[in-house]
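Participant: One structure, pasted below without further comment.
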Amino acid sequence: MITGEKPGEPGRKEEAMEFKDFERKMMAMLREKFGDSVEISVQEILKVNGITRRGILLKQEGERFNPVLYLDGAYERYQAGETVEDVLGQMLEDNDSQIREMETAWDFQPEQFRDYSHVKEHLRFRLVNYGKNTELLRDMPYVRWNDLAVIFYYEIGDGQAQVQISNRHLTLWEKTVETLYQDAMENMKNSVPDEMLPLGGLIRRKAPLWMGEEPSIHVLTNSTGRHGAAAMLYSGKIRELAESTGTDLVILPSSLHEVLLVPDREEMRQTYRETVGVVNRTVLEPEEVLSDNIYRYNREKDAVELLEAA
């Protein structure tokens, strides 16, 4: 396993480097530390919403998990005053700790991944924006849902890590996207149940001393709080809330992890849409944005539909 010992002695304060020089120095320090025992390469890694992150991949023969040291955040820490040695040392320590946790949690052997009867128990899904992820979706099975796409992953342990399901996995298992969706849906209902609470309740959970007025807004997520917007696909609580209020509901995609539900008032729709756009641009990290659009739960159809701008 790649260990997290800090390379070298703490360096003295030096003139700030540009990003490329920082990257070259990180690579040189890693090669000096590991020699030929680890294959080291720089990669552009495509993330959600077309975001690419530049990282250094460390491949060590015989290891199941190969860490990636992402450079963007590391460079920000360097710019904030940390030495290159300290930044790299902490990154190695963090990655080594995460790998140990994953190996402890994952009793799965790589050859078992060929057996779909084993894989299906661990299938989960999440929602991403279809238009912003066309390149990412080229190599993976997905299901269109309004302006979004349902994508699939294999969950490791308690969610410490995931294996993204690709088209080659589908070919290996000789399964259809529909089968993946049905099996993942069953797992989501049983293992990642939906969770809805008033926004005021969420505020009180996160800030117990909150004494403000409770907003008439509900939050829908899942029991883990990760990728909770996908609960829209299987939550019965949306229908229950609509029946209790006697109205259709507008659904605001506040992030990949949760959505907000409010009674549908047609004169407020544009305000809701603008609010979502502002939050996406000014509050969320680019990778957390789900959509600039809003949705409506239609009680008559018992379905969530896209609300097009007027």
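The values are calculated or read from the model by the stated rules, or taken from the named source; none is laboratory data. In this text the structure is predicted, and so the values were computed from the model without any measurement. Quick reminder, even Gly has a Cβ in these numbers, built from the backbone with ideal geometry, and neighbours come from all protein chains shown. SASA here: full protein model, heavy atoms, side chains in, ligands and nucleic acids out. Shrake-Rupley method; radii C 1.70, N 1.55, O 1.52, S 1.80 Å.
Participant: Residue by residue through region 260-309, note down the ones that are among the hydroxyl-bearing types (Ser, Thr, Tyr) and either modelled with pLDDT of 95 or more or touching a helix residue (DSSP H, G or I) at 6+ places or on another chain (Cβ under 7 Å) (or both).
Facilitator: Ser291, Tyr295, Tyr297
Participant: I'm trying to understand the selection: among the residues of region 119-134, which are of a type outside the set (Phe, Trp, Tyr), outside any strand (DSSP E or B) and more than 19 Å from Pro193 (Cβ to Cβ)?
Facilitator: Selection gives Val119, Gly131, Lys132, Asn133, Thr134.
Participant: Can you tell me which residue is nearest to Glu287 (Cα to Cα) among those in region 28-51 that are open to solvent by less than 70 Å² (accessible area, probe 1.4 Å) and assigned to a strand (DSSP E or B)?
Facilitator: So, considering only residues that are open to solvent by less than 70 Å² (accessible area, probe 1.4 Å) and assigned to a strand (DSSP E or B), the one nearest to Glu287 (Cα to Cα) is Leu46.
Participant: Given Pro193, Pro198, which one is at pLDDT 95 or above and either surrounded by 15 or more Cβ atoms within 10 Å (Cβ to Cβ) or more than 19 Å from Leu137 (Cα to Cα) (or both)?
Facilitator: One residue alone meets the criteria, Pro193.
Participant: Moving on. Among (1) open to solvent by less than 50 Å² (accessible area, probe 1.4 Å); (2) at pLDDT 65 or above; (3) outside any helix (DSSP H, G or I); (4) of a type outside the set (A, V, I, L, M), where does Pro215 come up short?
Facilitator: (2)
Participant: Filter region 244-280 down to residues that are in a helix (DSSP H, G or I) and among the polar types (S, T, N, Q) and give me whichever is surrounded by the fewest Cβ atoms within 10 Å (Cβ to Cβ).
Facilitator: Applying the filter and picking the extreme gives Ser244.
Participant: Right, something else. Given the criteria hydrophobic (A, V, I, L, M, F, W, C), outside any loop (DSSP other than H, G, I, E, B) and surrounded by fewer than 12 Cβ atoms within 10 Å (Cβ to Cβ), does Val304 qualify?
Facilitator: No, not satisfied.
Participant: Restricting attention to region 125-151, report how many residues are open to solvent by 20 Å² or more (accessible area, probe 1.4 Å) and in contact (Cβ under 8 Å) with a residue 60 or more places away in the chain.
Facilitator: 7
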